[in-house]
1. Exactly one of (1) closer than 21 Å to A:PHE508 by Cβ; (2) modelled with pLDDT of 80 or more; (3) more than 12 Å from chain B (Cβ to nearest Cβ) is unmet by A:GLN652. Its number?
2. Looking at B:PHE221, is it under 16 Å from B:ILE170 (Cα atoms), assigned to a strand (DSSP E or B) and either more than 14 Å from chain A (Cβ to nearest Cβ) or of a type in the set (S, T, N, Q) (or both)?
3. Any idea which of (1) away from every other protein chain (no Cβ under 14 Å); (2) among the aliphatic types (A, V, I, L, M); (3) within 18 Å of the chain's Cα centre (by Cα) is the one B:VAL211 doesn't satisfy?
4. Which one of A:LEU348, A:LEU403 is modelled with pLDDT of 75 or more and in a loop (DSSP other than H, G, I, E, B)?
5. Tell me which residues, restricted to region A:591-623, are touching a residue at least 40 places away in the same chain (Cβ under 8 Å) and among the hydrophobic types (A, V, I, L, M, F, W, C).
6. Taking A:ILE551 as the residue in question, decide whether it is at pLDDT 85 or above, more than 24 Å from B:GLY5 (Cα to Cα) and among the aliphatic types (A, V, I, L, M).
7. For region B:107-149, which residues satisfy the criterion of being small (Gly, Ala, Ser), part of a loop (DSSP other than H, G, I, E, B) and either away from every other protein chain (no Cβ under 14 Å) or over 20 Å from the mean Cα position of the chain (by Cα) (or both)?
8. Of the numbered conditions (1) part of a loop (DSSP other than H, G, I, E, B); (2) touching a helix residue (DSSP H, G or I) at 6+ places or on another chain (Cβ under 7 Å), A:GLN201 fails exactly one; give the number of that condition.
Amino acid sequence: MKRRKTIKGQQANKESSPASPSVKIKKSSDEVIKADNEARENKDDDELILQDLIDDPSVFIDKFNQHCEDIKRSMQTIKKVKLYSAENSTREVAKIKPQALMSILSLREINRISQMLCKNAKDSTQEAKQKCESVQLQLENLLYEIVHLKEEISKCGQFKSCGDDITLLEVEEFYRVAPENISLPERTRHDPHQLKLAQLQWELQEREKLAEKCRLAKEEKDRLIKRIEDKRKRIRNLNPLLDSVLTATRPLQDYLSLSISQVDSSSSARYLPRPLYFLFVQANAYQEANDSDIGVTITGDLHKAKQFDQNVVEESIRRASSSQSGQGNKKNLELKNLLTPHPLSVSLRLKESDGNSMALSVYYYPILNICAVKGVKIEVSFKLPDVSSVRQTIEDSSLLSCLFPGDTGKDTPNATNHQQLQSLGLPSFNQFVKEIGNPYIWAQSITGLQFFSLEKEELPMEPAGADLLPNVVNAILARTKSKASLLKQLIALENLQMFPTNSDGKLFPIHTYSQIKEFKVGTDVNIESIKKMSAILNKKLQSGNTTAVSIKFSYRRVKLYAVVLLEPDYPVHPPLTNITISSDQRELTANINADIKCIEAEINVFYQELLEYDSADFMLTNILKRLQVCFEICIESRLKELRDKPVTDLPQRMILQSCRGRDRVKPYKYLENPGCFTTRSTAL
Amino acid sequence: MDMYGVVYSLCYSPCGKLLAAGDNFGRIFIFQYVDALANYICIFFCIGVVHSGPIYALTSTSTYLVCGILDRIVGYKWSEILDKENILYCGCGDGRIYGYDLKSGHNKCSMVGHEDSIHSIVLDPQSKACISSSEDGSVRFWDNRKPSQIAIIEPYKHQQLSHHGGGKWISAMATDTDGNWMACGGATGLSIWHLQSRTLTSSCNDITACVRDVVFYDGNFITVGDNHHVTHTTINGEVTATIPTSSSPNFAIQINENLNSKPVLCTAGNSIMIDIFINFFYKTTSFQCTCSY
């Protein structure tokens, strides 16, 4: 198109040259402007052609060839014209010339375009090359990075963790021991790495704990060592001081005719075995210090004691431990040795304020290395009936049983004794208790013997020391008092009477209408009948420490049979009562009758009320009194129910409400102030 | 203490999933018994020593567990039942019935007539009258609105009723769901009455022990009393079944019909055991009211 225009323009120029210049110039300038405009308008078209050419260079070549051909042809034509027709050659040439010039112009244009194209191509090549180079660089970087990372990985892979040297818990053990927040089972079950981490975490925590513990223990140890050292020093310093005090006080002792210093020099005490000597000195000191009524004597054959050589004892201990394959004869001898006490023993007699006293002897068994209590006797200030089943309660060896909780004195506190007996083929210690006495734990404590118990220490006292003996003495005195009081009550009951107590008229009305028909104590009680009744009573009976008491009340042809079980440490533990009411061959117990259950609960659950006016020593009597009253109330209200008319032959009692509640509880509680009966208003 | 526990009263929660039991030591035991039945293990839910006196009656409203305890100041005992007007009727130890507005706690009315303490109260489902039974042997009908006594029956005066228990007290009553029949149980055994005419229709002489509590279920009156049994009795007075229980005597029986599944019967009495019956004809399991869990 451009070419056409150019040609047009040239034609125009050619045409305009012979015409008048003034107009023609104007006209040609118009034309030029017009052509310029057109050219500007068609610049895009040029670009398009250019684009076409770039897209298809073959067109370009064709054009080039075509124009070359045109020029060649024009040249040949001009040559022909010049050669053959000289006359009008100029005209002919002038005719062809513009065409040739046009072609030359086109060629130039093509040349320019080709130059441009060439430059473009160069540029794009350059660009592509740059791009290529940068990508190449990137690739090299990445490759380098890969190599680096591979090196790192192999380094990590070869990393030697110190965790392998630490011994860890087994996995199951770990899951069992470690807390959830460390073991995290849901995360670690399937991930061995997490598991290992958790295990290590746990191990660290445990070891830190143990280290702390170790440190504390070490500190404690150092502290104790220092304390011991201090005490040793003080004791060493004390010795000369004591000596000087002793010499200084001798005149005073002589003046007061005290015998503190003479104790040491008394002839028989010198031959006491060490534990008994400990007790002897302590008891003497206690007596001196408290001025209390406590008699301490040494009994036994002094002559034998002199011969009783410590070496012999040690010899027999050694033999006892090595004589596992000895003959029967030898075994008997060993056993005899084992059960032989030291010839000397210490006898104590403790007297309480009411004049009742308790006597006991403490024996020491050198081979068993325990002390045992024998010959316990209570002596009361009042007269005992000559023939009485009550007597068995004071001759019982369980007089001092359970002086402190759980101290039954039926087993040895020295664990090595079991081994000694086993080597002689004897399984239990129990069978010898009758022979050697009761090895109570308190008996070991007051003689300065100490044993490690497998169970928790149960005695609520200092393990050893000066203030221990007073504890034991007080406990024995309290026991003496309550036993004496119990004896009084039992004697009264044996005569079918109630011992008078302070609670009379306060917790119970003064008059009773039922009679005591029968009273039995200890082995006389028909135990078989209780065994059926209650599992708890049965269990207590089987433990063998309890004393059973049975009583029979009778009221208007109805009989009440009650069995009271006294604990060995009565009245520290309240007694347990079981009752049966029988009338006309019908027997009722608490299991099937709500009234009886209620009476039993009154006695067994609300026993605290009985301590309001009396000491606990009178609990047995008070319990029986309450039982009697409840029984009477129960029978009377039953009789009232059974009769339609008001009854007149029953005792007049003030009763606030005859019965209450679903189980129609009878008014068992006596109120002192108005003197009336009411139902219990407080539960506990 | 466990040896002497006596469960006086039983009650279900409104949702039917909890069982409350009140005993003679003033403790209330709550059992989450639906779960417990599924596992046959007793799940002990909570315990509170709520009161110092025995808990004689328990009933539940939509929001409250109401305990009838011993009021130490006045010396009353309560047994109560809740009617729809949110008034709590209490039968008390002084022989009166008091109506209390539950929201305000004010006394709305009192009905005087009984000569001795009142054992139980039910509402007549038809006439909305209040029926009470007492230690004095009478069963009285009360008009709630006035409040005054409408009628009185005295079962102990009827010759055909056995007097084996001694005394004349009536400890339990129950009406059937239509309000036609009423069962009275007490020292005179079980007797069944027609409510409209207030006449004795049948007496159940097969039950030889005193009756302590009665409920109505599915055409039968189910009773417990001074023996080892739960007894099912038809309206005609025939005993259809006796099922052994672990306590004797039993003081309370309750049926839970709020559950979606089968109703559950439970009994309690002269021990710490509460017996649960899923099938009414044999004991499923027992709960223990004890603190030693």
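The values are calculated or read from the model by the stated rules, or taken from the named source; none is laboratory data. Not measured: the values here are computed from a predicted model. Positions of Cβ are generated from backbone atoms using ideal geometry, with glycine treated the same way; all protein chains shown enter the neighbour counts.
1. In the conditions (1) closer than 21 Å to A:PHE508 by Cβ; (2) modelled with pLDDT of 80 or more; (3) more than 12 Å from chain B (Cβ to nearest Cβ), A:GLN652 misses (2) alone.
2. On the way: under 16 Å from B:ILE170 (Cα atoms): yes; assigned to a strand (DSSP E or B): yes; either more than 14 Å from chain A (Cβ to nearest Cβ) or of a type in the set (S, T, N, Q) (or both): yes.
Against the criterion (under 16 Å from B:ILE170 (Cα atoms), assigned to a strand (DSSP E or B) and either more than 14 Å from chain A (Cβ to nearest Cβ) or of a type in the set (S, T, N, Q) (or both)), B:PHE221 qualifies.
3. Unmet condition: (1).
4. A:LEU403
5. Passing the criteria: A:ALA594, A:CYS598, A:ILE599, A:VAL605, A:PHE606, A:LEU610, A:ALA616, A:PHE618, A:MET619, A:LEU620, A:ILE623.
6. In short, yes.
7. B:GLY113, B:SER127, B:ALA129, B:SER138
8. (1) is the only condition that A:GLN201 fails.
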